[in-house]
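Colleague: Structure provided below as structure tokens; questions to follow.
The values are calculated or read from the model by the stated rules, or taken from the named source; none is laboratory data. Predicted, not measured: the structure shown is a model, and the values here were computed from it. Cβ placement follows ideal geometry from the backbone for every residue including glycine, while neighbour counts extend to all protein chains displayed. What goes into the accessible areas is simple: the full protein's heavy atoms, side chains included, and nothing from ligands, DNA or RNA. Shrake-Rupley method; radii C 1.70, N 1.55, O 1.52, S 1.80 Å.
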Amino acid sequence: MPVESCLSPDDTPVFAAHATAHIDATLDRLGETERAAFWASVRKCYNTPYNDPKPRPLPATALIAKALTEQALTDQALTDQALAEAPERAMPDLPIPDLAIPDLPMPVAAMRGPGLGTEAHVS
């Protein structure tokens, strides 16, 4: 559905140039780099809703995963070496007990936090 406007398509470039000149006059206090960054951000803001950003890899995630993998391999190698040197110290495979904590009601006075302790009920 077309949007109604009081501007004709021929007037748009003239008004755009006029507005750009006013904005550039306001941005005169900034250096050329800052002005270029301002216009780049304006173009990005107006363009973003229509164009999805290209996905980019997160290098930190890859580095963390690599470091964790290397650490796990090192830990496993140290464990294997320790077991080879002293097999009597090996831990047997025992079942893991169920440590479920029962869901019991907690009195309000026992909770930590502002306004939930006994100090909130002093008159």
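Colleague: Would you please list the contacts, defined by Cβ atoms under 9 Å and residues six or more apart or on different chains, that run from a residue in the range 60-82 that is on the phi < 0 side of the Ramachandran plot to a residue that is part of a helix (DSSP H, G or I)?
Modeller: That search, which allows pairs on different chains as well, returns Ala82/Arg89.
Colleague: Please identify the pairs in which a residue from the range 7-29 that is over 17 Å from Trp39 (Cα atoms) and at pLDDT below 85 has its Cβ atom under 7 Å from the Cβ atom of a residue that is open to solvent by 60 Å² or more (accessible area, probe 1.4 Å) and in a helix (DSSP H, G or I), counting only partners at least 6 apart or on another chain.
Modeller: Leu7/Phe15
Colleague: Still on this structure: Pull out all pairs, ordered by first then second residue, where Cβ-Cβ is under 8 Å, the residues are six or more apart or on different chains, the first lies in the range 37-55 and is closer than 23 Å to Ile23 by Cα, and the second is surrounded by 10 or more Cβ atoms within 10 Å (Cβ to Cβ) and at pLDDT 80 or above.
Modeller: As it stands, the answer is Phe38/Leu27; Phe38/Leu30, since those pairs meet every condition given.
Colleague: If you don't mind, another one. When residues of the range 13-34 are filtered for being open to solvent by less than 70 Å² (accessible area, probe 1.4 Å) and of a type outside the set (A, V, I, L, M), how many remain?
Modeller: So the count comes out to 3.
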